[in-house]
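Notes to accompany the following structure.
The values are calculated or read from the model by the stated rules, or taken from the named source; none is laboratory data. Computed from a predicted structure; not experimentally measured. Here Cβ is always computed from backbone atoms with ideal geometry, including for glycine, and neighbour counts include all displayed protein chains.
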Amino acid sequence: MNTAQNPIPNNLIWAILSTLFCCLPLGIVSIVHAAKVDGLVAAGDYAAAQQASDNAKKWAMISAGVGIALILIYFVLGMIGAFAGATGA
């Protein structure tokens, strides 16, 4: 029985970008999940491939969120420091 499957995205590009620009440890988790997708599709395990794809996307988004949060915290602390320095406190 040969059934046509919708292509399952591996989200590897998002995993790599989130690793490079956002949060390294969480991005690596995303890369590991993304690397599993194509092998699972080739083995015919579409359910596990879809789960790995979803996990890769989830961890890439978490990594991006953590990276953005850290940048915002850095910016706020920098503004607080600049304000404290300007007022001579």
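A few comments on the model shown:
- Qualifying residue in region 67-77 (condition: in contact with a helix residue (DSSP H, G or I) (Cβ under 8 Å, 6 or more places away or on another chain) and surrounded by 12 or more Cβ atoms within 10 Å (Cβ to Cβ)): yes
- On inspection, residue 88 qualifies as at positive phi, surrounded by fewer than 12 Cβ atoms within 10 Å (Cβ to Cβ) and either modelled with pLDDT of 95 or more or not hydrophobic (A, V, I, L, M, F, W, C) (or both).
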